[in-house]
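What follows is a short report on a single structure.
Bear in mind that the values in this text are calculations on the coordinates, not laboratory data. It should be emphasised that the depicted structure is a prediction, and the values quoted were computed from it without experimental measurement. In this analysis, Cβ positions are derived from the backbone assuming ideal geometry, glycine residues included, and neighbour counts consider all displayed protein chains.
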Amino acid sequence: MNESIFQYNDAMKDFMHRYKFVGDYQLRMIFQKEIRKRIRKDLLIVPIPVSSETKINRGFNQVIGLLGDIEYVEALMVKEKRKVRQSELNRQQRIHNKQIFTIDPKNASQIVDQKILLVDDIYTTGTTIRHAASVLRKKGAKQVLGLTLCR
């Protein structure tokens, strides 16, 4: 189950391009208040991670930037480098992406028997949320919900 706050339209596409790919990190603050409104206190917040290569190139994880001062646990890791960025794939390619997430061993114990809210920026096909939720449930999460900025 996923809740998206906004519709992914031309204005949001422009925002995401400027935020993620141009690197205008100050844009993160625009939607922090809307995200904060939807965070329930009874849920453990887990942001969708970026690969280490993306983090080096971009300089930040855009989802963590959107969270602002909200407490979260980095329970997930990207287990392998993607050959192509997610944004360069079409719908069918995204749907058939293989599992790229694994649990960060440093934080594995924090997810056991927890209700988790996965947070991501864009919901396109749902594959990212489904893959992340699957890994979390296999490692003991009681329930996994999703929150995305847009769809």
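What is segment 14-67's relative contact order, in percent, from Cα pairs under 8 angstrom and six or more apart in sequence?
Here the relative contact order equals 47 percent.
Need one number: nm distance between label points at Glu34 and Arg137, each 7 Å from Cα along Cα→Cβ, rounded to one decimal.
2.8 nm
If contacts are Cα pairs under 8 angstrom and at least 6 residues apart, what is the relative contact order of the chain in percent?
Relative contact order for the chain comes out at 31 percent.
According to a simple spin-label model (label point 7 Å from Cα along Cα-to-Cβ), what is the distance in nm between Leu145 and Lys41?
1.5 nm
Determine the calculated [θ] at 222 nm for the chain from helices alone, applying -39500 (n - 2.57) to every DSSP H run no shorter than 4 residues and normalising by the residue count; nearest 500 deg cm²/dmol.
-7000 deg cm²/dmol
Per residue, how big is the convex hull of segment 54-138 when only Cα atoms are used? Give it in Å³.
Given the Cα convex hull of segment 54-138, per-residue volume reads 112 Å³.
To the nearest whole percent, what portion of all C-alpha pairs in segment 96-139 is separated by more than 17 angstrom?
Cα-Cα pairs in segment 96-139 separated by more than 17 Å: 33 percent.
So what is Rg over Rh here for the chain, counting just Cα atoms and using Kirkwood for Rh?
Here Rg/Rh amounts to 0.93.
Using +1 at the C-beta of Lys and Arg and -1 at the C-beta of Asp and Glu, which of Leu117, Val135, Ile30 has the Cα lying farthest in the positive direction of the dipole of the chain?
Working it through, the farthest residue towards the positive pole turns out to be Val135.
With each label point set 7 Å from Cα along the Cα-Cβ vector, what nm distance links Gln99 and Val84?
Placing both labels 7 Å beyond Cα along the Cβ direction yields 2.3 nm.
When all alpha-carbon pairs of segment 30-69 are counted, what percent fall beyond 16 Å?
When all Cα pairs of segment 30-69 are counted, 41 percent exceed 16 Å.
Can you list residues whose amide H is under 5 Å from Leu76's amide H, if they're 5+ apart or on another chain and H is modeled 1.01 Å from N?
Amide H neighbours of Leu76: Asp104.
Report, in debye and to the nearest 20, how large the dipole of the chain comes out about its Cα centre when Lys and Arg carry +1 and Asp and Glu carry -1 on their Cβ.
In debye, rounded to 20, the chain gives about 380.
Would you kindly derive the ³J(HN,Hα) couplings of segment 140-151 from the backbone phi angles with the Karplus curve 6.51 cos²θ - 1.76 cosθ + 1.60 (θ = phi - 60°), listing them in order in whole Hz, with x for Gly and Pro?
x, 5, 6, 8, 10, 10, x, 9, 10, 5, 8, 8
Please check which bits of segment 119-134 a label hung off Gln92 would reach, taking the label as a point 7 Å along Cα-to-C-beta and the cut-off as backbone N under 18 Å.
What the label zone holds, given the 18 Å backbone N cut-off, is 125-127.
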